[in-house]
1. Here are several values of semi-axes √(5λ) of the Cα gyration tensor in Å: [x] 51, 10, 9; [y] 24, 21, 11; [z] 28, 16, 10. Which one was derived from the coordinates shown?
2. For the peptides 63-73, 20-30, what is the packing order when you average, over each peptide's residues, the other Cβ atoms within 10 Å and list the highest mean first?
């Protein structure tokens with residue numbers, strides 16, 4: 001019997017804390033993409049923005065809370081948002097996972 005799982009389901013089980021971080025990143029990417037789209041159209045998209053950065057930083061283990069680090073984070077977030085199509089849930093989830101890996105690598109580099 002063949003089971004057709006959705007393509008966006010992970011192939012391995014990841015810890016719940018990691019799932020939560022990826023979920024928060026996904027919501028952050030979705031919000032930022034929507035905000036950026038509104039800004040490009042000339043509207044104030046700030047009402048659509050969420051900010052889970054402090055929670056994400058804490059859960060990953062970043063000790064950095066400077067304005068420069070936050071600006072770097074937003075620049076990276078914008079770069080990952082460029083690949084997102086909000087009507088395609090799969091690309092959003094893939095980008096969230098890629099961004100999580102990117103942040104973990106940044107953390108490990110020091």
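1. Entry [y].
2. Working: 63-73: 11.4, 20-30: 19.5.
Those peptides, ordered most packed to least, come out 20-30, 63-73.
Since every read-out is calculated from the coordinates, none of them should be taken as a lab result. Just so we're clear, the structure is a prediction, and the values are computed from it rather than from any experiment. Counting neighbours? That spans all protein chains shown, and the Cβs are built from the backbone with ideal geometry, glycine included.
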